[in-house]
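Structure first, commentary second.
The values are calculated or read from the model by the stated rules, or taken from the named source; none is laboratory data. Small disclaimer: the values here were computed from a predicted structure and weren't measured. Note that we place each Cβ from the backbone using ideal geometry, even for glycine, and neighbour counts take in every protein chain shown.
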Amino acid sequence: MKTIKYRIIGIICLMLAASCSDLLEEQPRSSLTPDFFRTEQGIVGGLTAVYSHLRYFYGPIGGLYVGTNGTDECTWAVAADGGGREIDSYDINPTMGTLANVWNRSFTYINTCNGIISIGAENNMPASLLAEAKFFRAHDYFMLVQTYGGAPLDLGAGRLAFNTSPVRVSVRSSEQEVYEAIFQDLTEAVAELPDAGRVTGGATKTAARFFLAKAYLTYGWWLERNGKTDPAGKSPAQYYQLAYNTAIEAIRNPASFGLMPTFYDVNLAANDRNKEIVLYADHTDTDAQFNEGGLTDTNGPESGMKENRSNLAITCNFEQATGGVEFNVIRRIAQQDLGRPWSRIMPTAGALLNTFRDKTYDSRYDGTFVTTYYANFDLAEPDVASKQGANGLTILPGEAAWKFFDDDTELNNLVPGASDGFSLPGRAYAAWTPSAINRTRYPGLWKFGPDRADKTRNGPWNAPSTRPFPIAKFSEFYFIAAEAAVKGATVQSGFSAKELINVIRARAGVWRWDNNGRTAKTEDYSADMTAATPANVTIDYILMERSRELFAEGGRWFDLTRTGKLQQYAAEYYVCENGQAVATKHTRNIQPHHYLRPIPEGQLNGMEMSDAEKKAYQNPGYN
């Protein structure tokens, strides 16, 4: 099987006015004509660009801010920029570029897909290639409708037709119309895509089922929450049933996909591109041009627009002196539990204490966070045998220098030290409990950490990640089906909501490695995990299981808006401000209109429409 290499060829086929100027900044670029899609080579070239555009959404800091900040999972860290703080506080408006990313980027590639599908069909191109375009067109429209609501299906040449001339007018299709287009594309993609992708990491039948099931589920919720009527005459319950059936079909017929044996194995860098990752935004460490991101620093060909910076974003500043620990006891290296301390996003105290309450049987806390940082100063100072740690005690290479405790048992014993840190009497390491973390000091995210062959101080530790960023995981089929079952779908034998959730929980109870202890741990707590599952699985329980499994992967805001739980879960959170000793409550002013993002101001300014028409085009609450 070929590995896909994304070489952006700058497809400028269409554009609403807002994205026009943005696209013209890309180099190299070319204008595509219908002739381009009359050959299989042209279609493959167009699809390559479509695969490449996933990198705009999955991995860059903006994508992480949009889907992760402002939720119960995460808030802004000390170095947050580019809208990270405003998105978190819901102080948002149509001028914010980070919130415009999905709108401004999607339509170019939707139009590319329009050309592949319509012109390719006219020229008898392979159905499986056209199905890849249908898959990605549906993917982008699904992102658009979840983020902004209704979106234009007519880009200037007719409904889902290929447009070659930029236009300065636009009409937003209704949510129902957009979902209708999504369902049609994905249903055909399920039928026409192969079990194994044309290229490594490519679109498959399983990937199409994933987004079809999730779209059915999301639309059912949308109809129910908004009291809307479905033009096809189906009820929300019927869409929940379709979601359930589609997810169960994928679980029963996984092709080459499936669950990894342990949660640790899912996110271990050495296991990247494993069978549980149904779709990912891929990267490479061999060629900066094909990677579209830097290999040695954060100034690659796309200057952050397509770079996977997940390895940097949720990484605390572990290099400064803290709690009496000498400066540079811990050095940044390209190792999964370290990397560069960029400090843009942090977990909330509630996530550490409540979401990951069970840290004894459940391996997912240990397989998600770095809670122990070890001294490694010998990498840069091989002649230095030891350094001074907290309380004047000695730290040797390989010993714990920073430690974040699992709970607040030691909270009242913490002794404030230098640089917003603490220590414990008689301990050489700086110490925190969940209620003592602040916007500089917090457990980093292990799951996205960097991994390079060169792990020395002089290695590419400042570079963005060259690991693939997960978009869809096989484990999520179980959550989709369980959620649909709770919403009333008729279940199949052996696939009730509790049984589905217990598959995931049983796996979470299997340990093969103590990540933060850096030692083998062969334990099977699956029976303990499933015994603790409540008899009555609720939406709230599923949401917490989702967070434990998929923490900070960019889907939390979408989960909370889909289920109508955004204010309930995200209106307040706890964290220390720097200099504080105990976490305090912070509130977010979440309003009903925050369930959608604003249409970008650049889009509105570029259209030849009256002020009244532009006002009607904008989402309520943002005029």
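Would you confirm whether or not segment 49-61 contains a residue that is loosely packed, with under 15 Cβ neighbours inside 10 Å, part of a helix (DSSP H, G or I) and either at pLDDT 95 or above or among the hydroxyl-bearing types (Ser, Thr, Tyr) (or both)?
Within segment 49-61, none of the residues are loosely packed, with under 15 Cβ neighbours inside 10 Å, part of a helix (DSSP H, G or I) and either at pLDDT 95 or above or among the hydroxyl-bearing types (Ser, Thr, Tyr) (or both).
Among the numbered conditions (1) free of Cβ contacts under 8 Å to residues at least 60 places away in the same chain; (2) surrounded by 18 or more Cβ atoms within 10 Å (Cβ to Cβ); (3) of a type in the set (Phe, Trp, Tyr), tell me where Trp511 comes up short.
Looking at each condition in turn, Trp511 falls short on (1).
Within segment 194-221, track down each residue that is surrounded by fewer than 24 Cβ atoms within 10 Å (Cβ to Cβ), outside any loop (DSSP other than H, G, I, E, B) and hydrophobic (A, V, I, L, M, F, W, C).
Matches in segment 194-221: Val199, Trp221.
Given the residues Tyr525, Tyr541, which is the only one that is surrounded by fewer than 21 Cβ atoms within 10 Å (Cβ to Cβ), touching a Phe, Trp or Tyr at 6+ places or on another chain (Cβ under 6 Å) and either touching a residue at least 24 places away in the same chain (Cβ under 8 Å) or not basic (Lys, Arg) (or both)?
Checking each option against the conditions leaves just Tyr525.
Tyr264 is checked against (1) over 30 Å from Val178 (Cα atoms); (2) crowded, with 16+ Cβ neighbours inside 10 Å; (3) more than 22 Å from the chain's Cα centre (by Cα); (4) not polar (S, T, N, Q) and fails just one. What number does that condition carry?
(3)
Out of Asp366, Asp362, I need the residue that is touching an Asp or Glu at 6+ places or on another chain (Cβ under 8 Å) and either of a type in the set (Asp, Glu) or outside the structural domain of Asp406 (by TED's automatic domain parsing) (or both). Which one?
One residue alone meets the criteria, Asp366.
Test Ala436 against the criterion of being under 30 Å from Gly62 (Cα atoms) and of a type in the set (Gly, Ala, Ser), and give yes or no.
yes
Does segment 173-188 include one or more residues that are part of a loop (DSSP other than H, G, I, E, B), within 27 Å of Arg597 (Cα to Cα) and not aliphatic (A, V, I, L, M)?
yes
Take Asp420 and tell me if it is more than 30 Å from Ser235 (Cβ to Cβ), assigned by TED's automatic domain parsing to the domain that holds Gly367 and buried (at least 23 other Cβ atoms within 10 Å of the Cβ).
Taking the combined requirement at face value, the residue satisfies it.
Of (1) surrounded by fewer than 21 Cβ atoms within 10 Å (Cβ to Cβ); (2) within 28 Å of Thr206 (Cβ to Cβ); (3) touching a strand residue (DSSP E or B) at 6+ places or on another chain (Cβ under 9 Å), Arg427 satisfies all except one. Which?
(2)
I'd like the full set of residues that are in a helix (DSSP H, G or I), under 23 Å from Arg452 (Cβ atoms) and of a type outside the set (S, T, N, Q), limited to segment 258-269.
Tyr264, Asp265, Val266, Ala269
Restricting attention to segment 383-403, which residues are in contact (Cβ under 8 Å) with a residue 40 or more places away in the chain and either crowded, with 22+ Cβ neighbours inside 10 Å or under 33 Å from the mean Cα position of the chain (by Cα) (or both)?
The answer is Gly389, Ala390, Ile395, Ala401, Trp402.
If Lys498 satisfies all but one of (1) touching a residue at least 60 places away in the same chain (Cβ under 8 Å); (2) among the charged types (D, E, K, R); (3) farther than 30 Å from Ile61 by Cβ, what's the number of the condition it fails?
Condition not satisfied by Lys498: (1).
Among the residues of segment 143-160, write down those that are within 17 Å of Leu186 (Cα to Cα) and assigned to a loop (DSSP other than H, G, I, E, B).
Leu153, Leu160
Please determine whether any residue of segment 595-617 is closer than 21 Å to Ile437 by Cβ, of a type in the set (S, T, N, Q) and surrounded by fewer than 18 Cβ atoms within 10 Å (Cβ to Cβ).
No; the residues of segment 595-617 include none that is closer than 21 Å to Ile437 by Cβ, of a type in the set (S, T, N, Q) and surrounded by fewer than 18 Cβ atoms within 10 Å (Cβ to Cβ).
Which members of segment 285-301 meet the condition of being crowded, with 16+ Cβ neighbours inside 10 Å and not aliphatic (A, V, I, L, M)?
Asp285, Phe290, Asn291, Glu292, Gly293, Gly294, Thr298, Gly300, Pro301
For segment 302-317, which positions are of a type outside the set (Ser, Thr, Tyr) and crowded, with 23+ Cβ neighbours inside 10 Å?
Lys306, Glu307, Asn308, Arg309, Asn311, Leu312, Ala313, Ile314, Cys316
What number of residues within segment 62-91 satisfy the criterion of being surrounded by 21 or more Cβ atoms within 10 Å (Cβ to Cβ), within 20 Å of Tyr622 (Cα to Cα) and either touching a residue at least 60 places away in the same chain (Cβ under 8 Å) or out of contact with any helix residue (DSSP H, G or I) (no Cβ under 8 Å at 6 or more places or on another chain) (or both)?
Of the residues in that region, 7 qualify.
Is one or more of the residues making up segment 270-284 surrounded by fewer than 17 Cβ atoms within 10 Å (Cβ to Cβ) and part of a helix (DSSP H, G or I)?
Checking segment 270-284: at least one residue is surrounded by fewer than 17 Cβ atoms within 10 Å (Cβ to Cβ) and part of a helix (DSSP H, G or I).
Is one or more of the residues making up segment 478-487 part of a loop (DSSP other than H, G, I, E, B), modelled with pLDDT under 95 and not polar (S, T, N, Q)?
no
Suppose the filter is crowded, with 17+ Cβ neighbours inside 10 Å, at pLDDT below 95 and farther than 18 Å from Trp461 by Cα; does Gly367 pass it?
no
As an exercise: evaluate Val66 against (1) out of contact with any Gly (no Cβ under 9 Å at 6 or more places or on another chain); (2) closer than 24 Å to Ile437 by Cβ; (3) among the hydrophobic types (A, V, I, L, M, F, W, C) and give the number of the one condition it does not meet.
(1)
Please work out if Tyr373 is under 30 Å from Gly509 (Cβ atoms), over 24 Å from the mean Cα position of the chain (by Cα), crowded, with 16+ Cβ neighbours inside 10 Å and among the aromatic types (Phe, Trp, Tyr).
Against the criterion (under 30 Å from Gly509 (Cβ atoms), over 24 Å from the mean Cα position of the chain (by Cα), crowded, with 16+ Cβ neighbours inside 10 Å and among the aromatic types (Phe, Trp, Tyr)), Tyr373 qualifies.
Is it the case that segment 292-307 has a residue that's closer than 23 Å to His139 by Cα and not in a loop (DSSP other than H, G, I, E, B)?
Within segment 292-307, none of the residues are closer than 23 Å to His139 by Cα and not in a loop (DSSP other than H, G, I, E, B).
If you go through segment 470-491, how many residues are over 15 Å from the mean Cα position of the chain (by Cα) and touching a residue at least 60 places away in the same chain (Cβ under 8 Å)?
Selection size over segment 470-491: 14.
Restricting attention to segment 240-255, does a residue exist that is without any contact (Cβ under 8 Å) to a residue 12 or more places away in the chain, under 30 Å from Trp511 (Cα atoms) and assigned to a helix (DSSP H, G or I)?
yes
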